[in-house]
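The values are calculated or read from the model by the stated rules, or taken from the named source; none is laboratory data. These numbers were taken from a predicted model, which means no experiment stands behind them. Here the Cβ positions follow ideal geometry from the backbone for every residue, glycine too, while neighbour counts run over all protein chains shown.
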Ligand SMILES: Nc1ncnc2c1ncn2[C@@H]1O[C@H](COP(=O)(O)OP(=O)(O)OP(=O)(O)O)[C@@H](O)[C@H]1O
Ligand SMILES: [Mg+2]
């Protein structure tokens with residue numbers, strides 16, 4: 001059992017609060033990712049969970065036991081957690097084998113078992129054959145894998161990983177995602193994972209905590225955070241490129257309408273606070289818009305006339321930028337089989353189920 005409870009934790013550096021009044025409960029066996037831009041407080045929070053830094057306010061408990069308060073911090077080595085640091089922190093004077101085996105030696109695991117566990121984990125992270133090298137003889141990505149192997153080999157109850165795949169090439173990173181996911185399923189380790197890569201967060205996590213300036217903006221399953229961002233900041237960070245200015249025509253539950261591109265009515269789900277006449281933004285992903293490549297746009301509600309501004313062929317899809325009547329530029333994904341000319345009149349159909357509306 002290894003659930004983590006973070007209760008109203010604040011950490012300041014001078015005048016800056018790197019983490020502000022933050023609460024988060026991570027369940028036993030859960031994979032939670034802290035996702036957010038550089039400087040939002042991810043590493044600071046992880047270091048407090050690990051016991052390397054004390055909170056200025058609040059408390060951190062594991063399975064109900066208080067581990068950190070401003071007055072007292074149980075040291076890292078007595079927390080039963082493994083951590084991979086953002087800058088790896090492997091021991092330069094130890095070989096790859098010695099780096100990885102160290103945690104097992106401390107735990108007095110026998111020599112034969114140590115050898116087989118170290119060998120297994122080095123194979124897992126693609127370092128078989130490099131046991132005798134020193135970190136100075138490895139690439140950055142390989143050093144990162146040593147750090148990962150060192151934390152995995154002891155199979156702790158809780159693993160704290162700070163951007164553990166950031167220095168790997170795309171192919172190895174993809175493989176490691178699958179390995180981490182399978183490892184978690186097999187061992188039931190509770191993972192707290194830090195990244196600023198939204199696709200990595202979505203691929204791995206049970207829940208994602210989107211952080212911004214020391215606070216959690218949204219906590220939820222990847223699908224929820226992706227399709228229903230809580231506010232503009234989250235929408236923007238989750239790669240939601242279209243934030244389209246609109247005006248509320250009618251605020252009436254399922255029958256709500258906004259005008260887009262000037263005067264064209266589009267059905268949407270509105271926040272409860274919205275009122276007719278209010279200026280808002282409709283957030284919608286390019287793949288949730290449908291391009292109707294026809295000069296005479298069908299006069300259906302939710303279809304807005306536009307002109308093709310730019311087309312980019314990407315192989316499996318085509319990204320198309322169109323301009324609405326009021327000059328708003330919108331990105332739409334189109335079928336690569338459709339030929340589109342710049343300047344061509346088209347229609348853009350909005351799917352009301354996949355848009356979110358935020359107050360301006
Ligand atoms: N030891 C420190 N002294 C002073 N300021 C610090 C210290 N550590 C972190 N900060 C500041 O606290 C804020 C949060 O830093 P943190 O390292 O937690 O960010 P992060 O989300 O991990 O960013 P990145 O994605 O770049 O690693 C930043 O503004 C940073 O400059
Ligand atoms: Mg960091």
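At-a-glance table
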read-out	value
Residue satisfying all of: in the stretch 10-48; over 22 Å from residue 233 (Cα atoms) and away from ligand 1 (no atom under 12 Å from the Cβ); surrounded by the fewest Cβ atoms within 10 Å (Cβ to Cβ) among these	25
Filtered residues of the stretch 160-178 (kept if in contact with a helix residue (DSSP H, G or I) (Cβ under 6 Å, 6 or more places away or on another chain), within 27 Å of residue 109 (Cα to Cα) and either more than 16 Å from ligand 1 (Cβ to nearest atom) or in a loop (DSSP other than H, G, I, E, B) (or both))	164
Residues that are under 16 Å from residue 83 (Cβ atoms), away from ligand 2 (no atom under 16 Å from the Cβ) and modelled with pLDDT under 90, drawn from the stretch 153-182	154, 155, 156, 180
Qualifying residue in the stretch 182-205 (condition: more than 26 Å from residue 145 (Cα to Cα) and in contact with a helix residue (DSSP H, G or I) (Cβ under 6 Å, 6 or more places away or on another chain))	no
Residue match in the stretch 293-303 (condition: assigned by TED's automatic domain parsing to the domain that holds residue 341, touching a residue at least 60 places away in the same chain (Cβ under 8 Å), surrounded by 13 or more Cβ atoms within 10 Å (Cβ to Cβ) and in contact with a strand residue (DSSP E or B) (Cβ under 7 Å, 6 or more places away or on another chain))	no
Residue ranges of strands (runs of 3 or more DSSP E) in the stretch 50-137 with at least 2 members in contact with a helix residue (DSSP H, G or I) (Cβ under 8 Å, 6 or more places away or on another chain) and surrounded by 13 or more Cβ atoms within 10 Å (Cβ to Cβ)	81-84
All positions within the stretch 202-244 that are within 16 Å of ligand 2 (Cβ to nearest atom), part of a loop (DSSP other than H, G, I, E, B) and at negative phi	none
Residues being away from ligand 1 (no atom under 16 Å from the Cβ), outside any loop (DSSP other than H, G, I, E, B) and surrounded by 18 or more Cβ atoms within 10 Å (Cβ to Cβ) - total across the stretch 184-198	3
Top-ranked residue of the stretch 245-265 - restricted to ones that are out of contact with any strand residue (DSSP E or B) (no Cβ under 8 Å at 6 or more places or on another chain) and part of a loop (DSSP other than H, G, I, E, B), ranked as nearest to residue 327 (Cα to Cα)	263
Within the stretch 55-88, tally of residues that are within 16 Å of ligand 2 (Cβ to nearest atom) and touching a strand residue (DSSP E or B) at 6+ places or on another chain (Cβ under 9 Å)	5
Residue 121 vs. criteria free of Cβ contacts under 8 Å to residues at least 40 places away in the same chain, in the same structural domain as residue 175 (by TED's automatic domain parsing) and touching a strand residue (DSSP E or B) at 6+ places or on another chain (Cβ under 9 Å)	no
In the stretch 13-38, residue nearest to residue 77 (Cα to Cα) [restricted to those that are without any contact (Cβ under 8 Å) to a residue 60 or more places away in the chain and within 16 Å of ligand 2 (Cβ to nearest atom)]	13
